[in-house]
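Inspection log for the structure reproduced underneath, given as structure tokens.
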Amino acid sequence: MIESLDQLKEMQSALQKKSAEDKSIRILVGMATCGIAAGAGPVMEALKEATAKLDNVKVCRTGCIGVCQYEPIVEVYVPGEKKVTYTKMNPEKARKIVADHIIGGDIVKEFTIGDESCQCLEDTVFFKAQKRIVLRNCGIIDPENIDEYIERGGYQALAKCLTEYSSEDILKIIKDSGLRGRGGGGFPTGIKWGLAAKNEADQKYVCCNADEGDPGAFMDRSVLEGDPHAVLEAMAIAGKAIGGTQGYIYVRAEYPLAVQRLTLAIKQAKEYGLLGKNILGTGFDFDLDIRLGAGAFVCGEETALMTSIEGKRGEPRPRPPFPAVKGLFEKPTILNNVETYANVAQIINNGSEWFASMGTERSKGTKVFALGGKITNTGLVEIPMGTTLREIVEVIGGGVPNGKQFKAAQTGGPSGGCIPASHFDIKIDYDNLIEIGAMMGSGGLIVMDEDTCMVDIAKFFLDFTVDESCGKCTPCRIGTKRLYEMLTKISEGRGKPEDLDKMEELCYYIKSNALCGLGQTAPNPVLSTMNRFRDEYMAHVVDKRCPAGVCRKLLSYSIDPDKCIGCTSCARNCPVGAISGNAKEVLVIDQDKCIKCGTCIKKCKFGAVVKK
């Protein structure tokens, strides 16, 4: 039990001294969901078995290291030497690392992340362009060991807030830092906290949105799995700032590892006296509980989330009153997402000027993106606000693979919009994205190449929204369904030019009349693709063709007589017998029978099957 600020400082000092004196070789294994899914569990067991008789070696878990396409990842720390990052590990490779590197002293170069001049993650272009604040501990500490968090300055910010700062001081620091909500809306955090602070009540609540429902987004999950105490500490600081004594973390049940590590972190923090009653002997009380979501996208909306915490069906409530006035259990409440909270302790420790010195005029600090889609380097990246999309894609992301051209990037998930190649050099911040019809969102960034159909992309996101609509308001429940039907009609070649005007009219109706923010932003993928890629929509409705060759009912397959050698592979694999002809002769596809499944083009080894 840590009962005072002095005890906390003494503990941190003792942990740092112990770490400095420890000459053991440390082997870190990325054991976040991405690593475990790729096979990190057997790798870790192999490392433990291979080092069982070595007294100077420690095999430890850590969270997401960031370069997800290289999982499982193992990092070796030998005292006095530079860290080595090994990628795409398996048990056999792990045993070789122990034999050659740990015991023999020779780096296994063929398994490292780069060539001989770049064998450490920090030396890669992917990492050098980043600025890690939110992710500062992810991939470095054991998320299940509170001592490692404390050793790196953990809970010092909370101690400072409880012993040196008043609630007004905390609110001013957060406000002056320029921190804006990282959950999508970008509302200034200091202002939100200030509104709740000035409302008198016998109870106030601090909530964390860890629901993260956007397709392709995994930023919050990775923080919870890699650095859970950063969120707990920040929520306690927020409690002090607004006068709240109870917090709730609303996390989706589909994140079992995050839930497990959060539960353990809360337990450890309570045992150390950093949560609960009379924290650090200051008289301040703050407790935390976890509430599991059932995977409803709408519960990412703040009022629906609070309704769900109350044990009711997760549906949004009209605003005003806003949560800062009447939120959870009708009491003043603040709600921020995981990434927002993960910035707070660093702002308190380093000062508002430090944070405000990064980013752009109205978007301060950094932003974490889950980089995915048609991109060479997938994973988590944290970049200063104002970094261009081109730098994210071409430098950090390694560019679009297979020689394809960049076409667009989708930010903000189902609530966001597409950024076309014409805006490749846009500086990423809240206001710039809104200006071009996109939005920051929570941080999913999906890269698309020339083979992506923008009508199909809009249809994909709208299909998701239709499934996830809570059904409370008619514009969202019915309007998005009708919008999806129109898109389907267009993608199947049954659309007409006037359908585009009807779609646009319906989009603006939904935006103006849906009850909550999720319904209001549901048409965004349709509007942004229509505005930026109108020619593709026209090709679908006028020419009855899909320029990207994606929409199946607008495709046709034929066989090039100059390339066909009559191997009959296409005919033998056609599921409906649409291909006829004899061996060693040119085969023919019956267009009336063809179901456009694409099996023929996949099976042809000579490029004789042509898709139009």
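The values are calculated or read from the model by the stated rules, or taken from the named source; none is laboratory data. In this text the structure is predicted, and so the values were computed from the model without any measurement. As a convention, Cβ positions derive from the backbone with ideal geometry for all residues, glycine included, and neighbour counts pool all protein chains shown. These area figures cover heavy atoms from the full protein model, side chains too; ligands, DNA and RNA do not enter into them. Shrake-Rupley method; radii C 1.70, N 1.55, O 1.52, S 1.80 Å.
For the range 1-159, the share of DSSP beta bridges that are antiparallel, to the nearest 5, is 55%.
Reported to the nearest whole Å, the Cα centre-to-centre distance from the range 203-252 to the range 112-178 is 16. Residue ranges 336-349, 129-142, 273-286, 83-96 sort as 336-349, 129-142, 83-96, 273-286 when ordered by packing (mean number of other C-beta atoms within 10 Å per residue, highest first).
Measuring nothing but how far apart in sequence close Cα pairs (under 8 Å, 6+ apart) lie, relative to its length, the chain scores a relative contact order of 11 percent. Taking the square roots of five times each eigenvalue of the Cα gyration tensor of the range 179-236, the equivalent ellipsoid has semi-axes of 24, 15, 10 Å, listed largest first.
Dividing the mean sequence gap of close Cα pairs (under 8 Å, 6+ apart) by how many residues the range 511-606 holds gives a relative contact order of 20 percent. Amide H contacts under 5 Å for I419: A409, Q410, T411, restricted to partners 5 or more places along the chain or on a different chain, H placed in the peptide plane at 1.01 Å from N.
Available extension along the chain between K267 and R545 is 94.2 nm, counting 0.36 nm per residue and deducting the alpha carbon span. Relative intensity of the chain on a log10 scale, I(q)/I(0) at q = 0.10, 0.12 Å⁻¹, equals -0.96, -1.26, per a Debye sum over C-alpha point scatterers of equal strength in the absence of solvent. DSSP finds beta bridges in the chain, and of those with both partners inside it, around 55 percent are antiparallel. Ranking G154, Q268, Y508 by Cα position along the charge dipole of the chain, where only Lys, Arg, Asp and Glu carry charges on their C-beta atoms, puts Y508 farthest toward the positive end.
Computed on the Cα trace of the range 234-344, the radius of gyration divided by the Kirkwood hydrodynamic radius gives Rg/Rh = 0.97.
Taking the longest Cα principal axis of the chain as reference, the axis of helix 497-513 is set at about 20 degrees. The simple Förster model, with R0 at 22 Å and r as the Cβ-Cβ distance, assigns T388 and S357 a FRET efficiency of 0.70.
Return the equivalent ellipsoid semi-axes of the range 375-442 as a descending list in whole Å, where each equals the square root of 5 times an eigenvalue of the C-alpha gyration tensor.
Equivalent ellipsoid semi-axes, largest first: 19, 13, 12 Å.
Couplings 3J(HN,Hα) for the range 389-405, derived from phi with the Karplus relation 6.51 cos²θ - 1.76 cosθ + 1.60 (θ = phi - 60°), are 4, 4, 5, 4, 6, 7, 8, 5, x, x, x, 7, x, 6, x, 7, 8 Hz, where x marks Gly and Pro. Look at the Cα gyration tensor of the range 20-72: its axes a ≥ b ≥ c give a/c of at least 1.5 with a/b at or below b/c, and that counts as oblate. Using 0.36 nm per residue and subtracting the Cα-Cα separation, the extra length available between Y77 and I595 on full extension is 180.9 nm. Helix 228-242 and the longest principal axis of the Cα set of the chain meet at an angle near 70°. Karplus-based coupling profile of the range 533-549, in residue order and whole Hz: 10, 4, 4, 5, 5, 5, 4, 5, 8, 9, 8, 6, 9, 9, x, 8, x, with θ = phi - 60° in 6.51 cos²θ - 1.76 cosθ + 1.60 and x standing for Gly or Pro. Shown in residue order for the range 143-148 are the 3J(HN,Hα) couplings computed by the Karplus curve 6.51 cos²θ - 1.76 cosθ + 1.60 at θ = phi - 60°: x, 9, 10, 4, 4, 5 Hz (x for Gly and Pro).
Just the protein heavy atoms count here, and of the accessible area of the chain at 1.4 Å, carbon and sulfur take up 49 percent. Rounded to 0.05, the FRET efficiency of the K277 and K602 pair, given R0 = 60 Å and the Cβ-Cβ distance, is 0.40.
Here's how it looks for T387: its modeled amide H is under 5 Å from those of I428, which are all 5 or more places away or on a different chain. Proximity of backbone amide H atoms, modeled 1.01 Å from N, is registered between G63 and M31, G139, I140, I141 at under 5 Å, excluding neighbours fewer than 5 places apart on the same chain.
With the largest listed first and rounded to whole Å, the semi-axes of the equivalent ellipsoid of the range 82-231 from the Cα gyration tensor are 41, 18, 15.
Suppose R0 equals 51 Å; then what is the FRET efficiency for D431 and A583 from their Cβ-Cβ distance, rounded to the nearest 0.05? Using R0 = 51 Å, I get an efficiency of 0.20. Once the Cα-Cα distance is subtracted from the 0.36 nm per residue extended length, the S556 to D100 segment shows a gain of 158.6 nm. What angle do you read, to the nearest 10 degrees and between 0 and 90, between the alpha-carbon axis of helix 338-350 and the longest principal axis of the chain? Roughly 40 degrees between the two axes.
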